[in-house]
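The values are calculated or read from the model by the stated rules, or taken from the named source; none is laboratory data. The model shown is predicted, which means the values in this text are computed figures rather than measured ones. Cβ coordinates were reconstructed from backbone atoms using ideal geometry, including for glycine residues, and neighbour counts include every protein chain displayed. Note: areas computed on protein heavy atoms with side chains; ligands, DNA, RNA excluded. Shrake-Rupley method; radii C 1.70, N 1.55, O 1.52, S 1.80 Å.
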Amino acid sequence: MDFLKEAREIKDFVVNLRRVIHQYPELSGREFRTSELVADTLREIGVDEVIEGFGETTAVVGLIRGRGENTVALRADMDALPIEEETGKPYASKVKGVMHACGHDAHTAMLLGAAKLLVKHKDRLKGNVKLIFQPCEERQDCRGAKRLVAAGVLKNPDVGAIFGLHVFPELETGKVATCPGAVLASSDVFKITIHGRGTHASKPHKGIDTVLIASQVVNALHHIVSRRVDPLDPAVLTIGTIKGGEAENVIPDTVEMTGTVRTLNEAVRKQIPLWMEEALKGITAAYGGSYEFNYSEGTPPLINDKKVTTFAMNSLKELLGDENVLYLEKPSMGGEDFAEYLKVVPGTYFRLGTGNREKGTIYPLHNPRFDVDEDALPIGVAVLSFLSFRWLSANS
Ligand code: NI
């Protein structure tokens, strides 16, 4: 069996699906049309079980029953972004202000392509393949992966390993990249309100200056990553907004700030909000103010399992050649909710190269001119189908 050759033979099928999905992008939690297309296509292909609306979301979960007890899962995300497309391509978004600027259209189409190849070779599959089409990857507050895991998507039959990938314009078409361990960061958000006492600017002694307190809070929070976290543990603390005051001659009652915290390590992640609170408490108390602190956990760090990832990288070298399977030297401080699956079952998350200078597919993710090199789609199809086939053969 030559998965790469077979994937190239169904390229049109995959490209057509990708373009249809691309033209009708849907925001997180509203993937109605997309999930309908996915479910219809899975039934057409001959996938044994298709569940729509899994976990009371717009998710679609398919199951291909092979010959064996073990189950491997593949995941694609389906949601788009509130961005106005500027590619000018004939298959550009027909929905104003909404765009597949993160390639989830390609992820969905590639997983459908992989399903088609796996159904074709069902007799030789040494177990089951679960196909997870997930909503809500882009918006932290709707928590796509987390809800599916809670609703039991990794159970019945129990999933032994999971694979997922993301298109990556900085990587050349034809190549994939990953490594064992942490590849993406946790992504948490916070909101701080400093309370003081408003007063006229000319009488600062009559009030409690929240702007001055806030400036010291900003300094103290930046002290955490630079002076309290081990320098060998990557972490980011960014304050993205700060708001207070209306007039140049009035000290405001309150100042609000919001921001994000990123780490590659769960222990550091748990510690940072404790240090933040310590700083807030001390500084506001010292100047007679008070504070409110809301810290909300988003996705955990994305940690690739060592054993499964080594197995996957070796298998992919056979499929794509040694030179096309790159060891990811540096993780990214971006976040991805695939991490939620990897907290429960071992697996690997890959970057799939879609960068092609001549075709101009070099704009970064979430850019209005982002596009994927469609020659990469058969490679993604082959990667997903071959890996699940191989993993089941090795674990039967
Ligand atoms: Ni994405």
Using the Cα atoms of region 91-232, I'd like the radius of gyration and the largest Cα-Cα distance, Dmax, both in angstrom. 24.5, 83
Computed lengthening from residue 200 to residue 344, 0.36 nm per intervening residue step minus Cα-Cα distance: 46.3 nm
In whole percent, the fraction of accessible protein surface over region 187-299 that belongs to carbon or sulfur atoms, probe radius 1.4 Å, stands at 53 percent
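Dividing the alpha-carbon radius of gyration of region 187-299 by 2.2 N^0.38 Å (N being the number of residues), what value is obtained?
Details: Rg = 15.0 Å, N = 113, 2.2 N^0.38 = 13.3 Å.
Cα Rg divided by the expected 2.2 N^0.38 Å: 1.13.
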Within the set 265, 219, 70, GNM on the chain using Cα springs under 10 Å gives the largest fluctuation to 219
When the chain is modelled as a GNM with alpha-carbon springs shorter than 10 Å, which of 143, 43, 30 fluctuates the most? 43
Once you keep just the Cα pairs under 8 angstrom separated by 6 or more residues, what percentage relative contact order results for region 187-299? 44 percent
Per the beta carbon screen (other Cys under 4.7 Å), unpartnered cysteines of the chain come out as 102, 179
Cα convex hull of the chain - mean projected area over all directions, nm²: 21.0 nm²
Mean-square fluctuation maximum in Gaussian network of the chain, Cα pairs under 10 Å, restricted to 326, 212, 280, hits 212
All-pairs alpha carbon distance profile, region 1-95, 5 Å steps from 0, percent: 2, 11, 17, 21, 21, 14, 9, 4, 1, 0
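How high is the relative contact order of region 5-78, given as a whole-number percent (alpha carbon pairs under 8 Å, six or more residues apart)? Walk me through the numbers before you get to the answer.
Working: 52 pairs, mean separation 15.8, N = 74.
Computed over region 5-78, the figure is 21 percent.
Restricting attention to region 335-370, which GluC sites (Glu not before Pro) occupy a DSSP loop and are surrounded by at most 15 other Cβ atoms within 10 Å?
On the way: sites: 336, 340, 358; in loops: 336, 358.
Passing sites in region 335-370 are 358.
Provide the per residue accessible area, probe 1.4 Å, for the chain, rounded to a whole number of square angstrom. All intermediate terms of the calculation are to be shown ahead of the outcome.
Values: 17410 Å² over 396 residues.
So the chain comes to 44 Å² accessible per residue, rounded to a whole number.
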Run the numbers on the chain and let me know its relative contact order in percent, using alpha-carbon pairs under 8 Å that are six or more apart. 25 percent
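Quote to one decimal, in nm, the extra length available between residue 48 and residue 227 on full extension: 0.36 nm per residue of separation minus the C-alpha distance between them.
Details: separation 179, 0.36 × 179 = 64.44 nm, distance 5.51 nm.
So the extension gain works out to 58.9 nm.
Around residue 73, under 12 Å between beta carbons, what's the net of Lys plus Arg minus Asp minus Glu among the other residues? Mind dumping the intermediate values first?
Working: positive: 75, 130, 155; negative: 158.
Within the 12 Å Cβ shell, the charges total +2.
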Can you show me the helix-derived [θ] at 222 nm for the chain, built from DSSP H runs with n ≥ 4 at -39,500 (n - 2.57) apiece and divided by the number of residues, rounded to the nearest 500. -10500 deg cm²/dmol
Taking the 0 to 90 degree range and rounding to the nearest ten, how far is the long axis of helix 32-45 tilted relative to the main principal axis of the chain, both from C-alpha atoms? 20 degrees
Total lysine pairs whose alpha carbons fall under 26 Å of each other in region 181-276 (8 or more apart, or interchain): 4
Protein accessible area in region 1-146, 1.4 Å probe - carbon and sulfur %: 46 percent
Starting from the Cα of residue 359, move 7 Å in the Cα-to-Cβ direction to define the label point; list residues of region 154-176 whose amide nitrogen is under 15 Å from there. 167-176
At 0.36 nm per residue, minus the direct Cα-Cα distance, what do residue 396 and residue 123 gain on full extension? Give it in nm, one decimal, please. 96.9 nm
Of 11/122; 11/130; 122/343, which sit over 27 Å apart, Cα to Cα? 122/343
